[in-house]
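Presented below is the structure to which this report refers.
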Amino acid sequence: MPITINRFRVEGPRCRGRFGIGRTGAFPAMAVLAALATADTARSQSVDPPNIVVILTDDQGRGDYSAFGTPDLQTPALDRLYREGAELSEFRANCPVCSPTRASLMTGCYPDRVGVPGVIRTAPENSWGFLSPGPELLPRLLKRAGYHTGMVGKWHLGLERPNTPNARGFDVFHGFLGDMMDDYNTHLRHGKNYMRRNEREIAPTGHATDLFTDWAIDYLKDRSRSARPFFLYLAYNAPHDPIQPPPDWLARVRRSRPQLDGRRAGLVALIEHMDSGIGRVLDMLDRLDLTRRTLVVFTSDNGGRLQTGAVNGPWRSGKEHMYEGGLRVPAVVRWPGRIAAGRKSRWPAVTMDLLPTLCEAAGAPAGADRDGISILKELTTGLQAVPERDLYFVRREGGPAYGGKTIEALIRKNWKLVLDSPFGRAELYDLATDPYETTDLSNRQPARLAELRSALQLRIQDGGRTPWQPPVTRKSVP
């Protein structure tokens, strides 16, 4: 009986030869199938590598965008990304504070394995990381595949060579080297200027969010004149404190939502102002006819800070802590024509998975010794199997407010071990039945607790092999 494969009509077997396949029988059908498979492969390989835009926000809570359902703020640009892209609903940052997560984004590794277990700061005596010179960062990997690489915004992985953006692979850098700004309008930190155009100190005027948006748009306009694919890493410092939205944005929020207290109103205004900047970037991709050729990632470096009024959804706690509110962050990936709009993935990804994912999309080898896993198949087909892997989290900290401490966590399947204080007890949660970490099961599950503590200890020992201070002559300790 004749069969139809797409538009090809193939006759069934008429005679059987030596191997049971006649010349006008099954072989033509197999040949057609093989040809179709080859054509599909050729088409997939012939697709031009996408432009890549990664937008990272600073301390944005898991619930602080309106598509989440939070009613007291409006974020139409982020809502557009969630509508047109795929939401990663189980996404976690690699750490509940800034620098370590950024290190994971750039290296595809656990942050302590690349020398950044804590926050890199401008004061050496209170700086808790030094990005290792060994691992090649994402921009350098993409450059090997023919990409032009640009970064705009907050770097926070080093103040001087060899750990400046240009020294680590970015062709263009226009932004801020430091950890936070003391003022969104003066752009200083402890009275020092860390604003740079490549490696030249600059003193621009204006709100930092507006500057970063303008510079990102300038980069897109410039690269639109070239056929070469580009990678833009746009890292806002909003909505990190100090909470300083432009006055007109704050006035707008106070007029339209008078029920909000002053703290929450300021944060909402700062987020909405940033969202308008993201909207301008997305609009520019449209105007330059780049949208369909551009893969856009949006996420945050850690959960929102409760002291500033952040909303982390129903999850416990927030920034600086190992509970889910400190680790879960918004995450969405848009790639028109390749990733179905509006789909939701429950694949348990973390920030370090973005590097291998973007490298695969770009056709750029990620290299060996990466901890992250590409989730491109999950994003494009939804058929990627979830790996059997532990996820661990570590944060070193010091300074007067902390007294020097390490906090840690480990997730194995549905079980989560939390050591949120070096002076407190270990806690154990079953995230399958208790995703909001309300019931500590450590007393009821001592064997499970010991199992996870042992696994975490091995991870911390492995990460501890990597130096996390600059290679300078050690000063004597008084």
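The values are calculated or read from the model by the stated rules, or taken from the named source; none is laboratory data. Just so it is clear, the model here is predicted, and its values are computed rather than measured. With ideal geometry, Cβ positions are generated from the backbone for all residues, glycine too; neighbour counts draw on all protein chains shown.
Strands (runs of 3 or more DSSP E) fully within region 102-199 that include at least 3 residues being touching a helix residue (DSSP H, G or I) at 6+ places or on another chain (Cβ under 8 Å): 148-154, 172-176.
Could you tell me whether GLU408 is outside any loop (DSSP other than H, G, I, E, B) and touching a residue at least 60 places away in the same chain (Cβ under 8 Å)?
yes
Looking across region 406-423, just one residue is more than 16 Å from SER317 (Cβ to Cβ), buried (at least 16 other Cβ atoms within 10 Å of the Cβ) and of a type in the set (D, E, K, R), and that is ARG412. Does region 336-353 include one or more residues that are over 17 Å from the mean Cα position of the chain (by Cα) and buried (at least 19 other Cβ atoms within 10 Å of the Cβ)? Scanning region 336-353, I find at least one residue that is over 17 Å from the mean Cα position of the chain (by Cα) and buried (at least 19 other Cβ atoms within 10 Å of the Cβ), so the answer is yes. Look at region 452-471: where a residue is closer than 25 Å to LEU157 by Cβ and among the acidic types (Asp, Glu) and a partner is at pLDDT 95 or above and surrounded by 12 or more Cβ atoms within 10 Å (Cβ to Cβ), sitting 6+ places away or on another chain with Cβ atoms under 8 Å, you get ASP462/ARG113. One residue stands out in region 363-405 among those that are part of a loop (DSSP other than H, G, I, E, B) and of a type in the set (Ser, Thr, Tyr): the one that is farthest from the chain's Cα centre (by Cα), namely TYR402.
Taking the listed residues GLY169, GLY206, GLY191, GLY134, the one that is surrounded by fewer than 21 Cβ atoms within 10 Å (Cβ to Cβ) and touching a Pro at 6+ places or on another chain (Cβ under 6 Å) is GLY169, with no other qualifying. In region 279-298, the residues that are in contact (Cβ under 8 Å) with a residue 60 or more places away in the chain form Cβ pairs under 6 Å with partners that are among the hydroxyl-bearing types (Ser, Thr, Tyr) and surrounded by 15 or more Cβ atoms within 10 Å (Cβ to Cβ), at six or more places apart or across chains, as follows: ARG280/THR213; LEU285/THR291; LEU285/THR294; LEU288/SER224. If only residues of region 80-122 that are in contact with an Asp or Glu (Cβ under 7 Å, 6 or more places away or on another chain) and hydroxyl-bearing (Ser, Thr, Tyr) are counted, the one that is surrounded by the most Cβ atoms within 10 Å (Cβ to Cβ) is THR101. If you go through region 236-245 one residue at a time, do you hit one that is touching a Ser or Thr at 6+ places or on another chain (Cβ under 9 Å), in contact (Cβ under 8 Å) with a residue 60 or more places away in the chain and closer than 18 Å to LEU282 by Cα? Scanning region 236-245, I find at least one residue that is touching a Ser or Thr at 6+ places or on another chain (Cβ under 9 Å), in contact (Cβ under 8 Å) with a residue 60 or more places away in the chain and closer than 18 Å to LEU282 by Cα, so the answer is yes. Consider GLY206 carefully, then state whether it is within 28 Å of GLN469 (Cα to Cα) and modelled with pLDDT of 95 or more. No.
The lone criterion from (1) out of contact with any helix residue (DSSP H, G or I) (no Cβ under 9 Å at 6 or more places or on another chain); (2) more than 24 Å from SER300 (Cβ to Cβ) left unmet by ILE407 is number (2). Within region 51-69, residues that are without any contact (Cβ under 8 Å) to a residue 40 or more places away in the chain and closer than 12 Å to LEU81 by Cα have Cβ atoms under 9 Å from residues that are surrounded by fewer than 24 Cβ atoms within 10 Å (Cβ to Cβ) and basic (Lys, Arg) in these pairs: ALA67/ARG80; ALA67/ARG83, counting only partners at least 6 apart in sequence or on another chain.
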